Structures are given as C-alpha cells and as structure tokens.
Amino acid sequence: MNHQEMLINRARQAQSMAKAPYSHYQVGAAVLAESGAVYAGCNIESGAYSTTICAERVAIFTAIANGEQGFTALAVVTRDGGTPCGSCRQVIHEQCGDIPIYLSGNGETVETSTLEMLPNPFTFRDD
Ligand code: THU
C-alpha cells in the first residue's frame with residue numbers, strides 16, 4: 001500500500017468517528033508527519049455551531065500537540081470529495097507548507113496541493 005492509500009484509509013476510519021448531528025456531513029482527515037507517524041481527525045459539531053471544528057484542524061492540531069513539527073501529506077475523506085474550508089486552508093498553509101493533499105469521496109481521489117487551494121496565502125511577518 002502506498003502512502004496515499006494508507007492516508008486515505010486512515011482518514012476514512014476517522015470519518016466514521018465524526019460527530020455531525022447538525023449537518024450530517026462527516027469528514028475524516030489524516031496527516032503524515034515527517035517522523036512517519038500518522039494523525040487522524042474528524043469533524044466535531046457543536047450546538048453553538050461556531051465552536052464546531054473541522055476534521056483537518058483536529059488532525060493537524062493533534063499532531064502538533066503530540067510534538068510533530070513537519071508534515072509531508074494530508075488526506076481528506078468526505079461523501080462527495082469536498083474540499084477544505086478557507087480556515088483549514090490557512091492552517092494547512094501555516095502548519096504544513098505546500099504539501100500534496102488527497103481529496104477522496106464518491107469513489108474518486110483527486111490530488112491537489114496547499115498552494116493550488118490557497119494561492120498567495122497570508123503569512124504573518126513580525127517586522
Ligand atoms: N467540515 C470539515 O470538517 N472540514 C472542512 O474543511 C469543511 C467542513 C465540516 C464542518 C461541519 O461539521 C461540516 O463539515 C459541514 O460544514
């Protein structure tokens with residue numbers, strides 16, 4: 001199994017853990033760290049709506065909370081091949097840089113990248 005298939009499988013497992021009682025739209029994500037470890041996440045919705053968190057951010061933040069610093073690929077699984085939201089694109093850019101992103105759903109996988117999804121991203125410079 002190549003790393004793309006492995007990441008998609010992990011994201012699909014996480015998708016089944018999603019708590020999406022409001023949208024019923026389950027999302028799973030898995031990020032491959034430079035260490036070789038994989039961290040998965042699912043979306044978790046809130047009755048206060050805005051405190052919902054997306055699968056991509058759960059996966060990336062969990063990896064960082066476990067000491068990971070660099071990432072080499074990300075997979076996202078939805079029922080229809082949906083793309084990451086704008087907030088997640090910014091987080092992917094800041095925490096992962098320009099990495100391959102596999103979007104899987106509806107029996108198809110599309111490969112894209114951070115910069116393809118978020119061209120000319122905001123980067124904070126303290127100078
Ligand atoms: N969602 C994600 O998990 N990732 C995205 O990038 C887009 C949206 C979730 C949030 C919410 O729980 C549901 O999908 C519908 O918006």
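Derivation of every value follows stated rules applied to the coordinates shown; laboratory data play no part. Remember, predicted model here, so these are calculated numbers, not experimental data. Here the Cβ positions follow ideal geometry from the backbone for every residue, glycine too, while neighbour counts run over all protein chains shown.
Any residue in the range 87-103 that is closer than 15 Å to Val27 by Cα and among the hydrophobic types (A, V, I, L, M, F, W, C) sitting within a Cβ distance under 8 Å of a residue that is within 14 Å of the ligand (Cβ to nearest atom) and assigned to a helix (DSSP H, G or I)? List the pairs, counting only those 6 or more apart or interchain.
What qualifies is Cys88/Glu56; Cys88/Arg57; Ile101/Ile92; Ile101/Thr114; Ile101/Met117.
Which one is farthest from the ligand (Cβ to nearest atom) among residues in the range 13-57 that are β-branched (Val, Ile, Thr) and more than 12 Å from Leu74 (Cβ to Cβ)? Break it down into steps so the answer makes sense when it comes.
Within the range 13-57, the subset β-branched (Val, Ile, Thr) is 27, 31, 38, 44, 51-53.
Remaining after also requiring more than 12 Å from Leu74 (Cβ to Cβ): 27, 44, 51-53.
Details: Val27: 3, Ile44: 7, Thr51: 11, Thr52: 5, Ile53: 8 Å.
Among them, the one singled out is Thr51.
Residue by residue through the range 86-108, note down the ones that are surrounded by fewer than 18 Cβ atoms within 10 Å (Cβ to Cβ) and either touching a Cys at 6+ places or on another chain (Cβ under 6 Å) or among the acidic types (Asp, Glu) (or both).
Glu94, Asp98, Glu108
In the range 59-102, how many residues are in contact with a strand residue (DSSP E or B) (Cβ under 6 Å, 6 or more places away or on another chain), farther than 18 Å from Ala18 by Cα and among the hydrophobic types (A, V, I, L, M, F, W, C)?
5
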